[in-house]
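To keep things clear, I will list the structure first and then write my remarks on it.
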Amino acid sequence: ALFAIKSIIYNLPENYFETYVEKINQVSKLDVLKAAQKYINPNKTNIIVVGKKKDLIKNLKSLRKYKIKEIKRKE
């Protein structure tokens, strides 16, 4: 039922879900790289790291050119 609803909402062709995997497999690494270069601006990108500070801080400090902002979890 969910497939039918998505097909209607997004106006997908009838065979969309049968050909989905095949179409995904046709995407090359170069296709992904070109799309990333076109749409992702590294100067406006955030990297989110989740984990225990003591386990991560040493490696994060080696990325000196990036601003590191710690957000503590509310307990």
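The values are calculated or read from the model by the stated rules, or taken from the named source; none is laboratory data. These numbers come from a predicted model, not from an experiment. All Cβ positions, even for glycine, are placed from backbone atoms using ideal geometry, and neighbour counts span all protein chains on display. Just so you know, the surface numbers come from the protein's heavy atoms only, side chains and all, with ligands and any DNA or RNA stripped out. Shrake-Rupley method; radii C 1.70, N 1.55, O 1.52, S 1.80 Å.
General observations
- Of the criteria (1) modelled with pLDDT of 95 or more; (2) polar (S, T, N, Q); (3) farther than 30 Å from F3 by Cβ, which one S28 fails: (3)
- Leading residue by the ranking (modelled with the lowest pLDDT) among those in segment 1-15 that are outside any helix (DSSP H, G or I) and either open to solvent by 70 Å² or more (accessible area, probe 1.4 Å) or polar (S, T, N, Q) (or both): A1
- Of all residues in segment 16-53, exactly one satisfies the criterion of being closer than 30 Å to K67 by Cα, part of a helix (DSSP H, G or I) and β-branched (V, I, T), namely V32.
- Residue match in segment 60-69 (condition: part of a helix (DSSP H, G or I) and within 21 Å of the chain's Cα centre (by Cα)): yes
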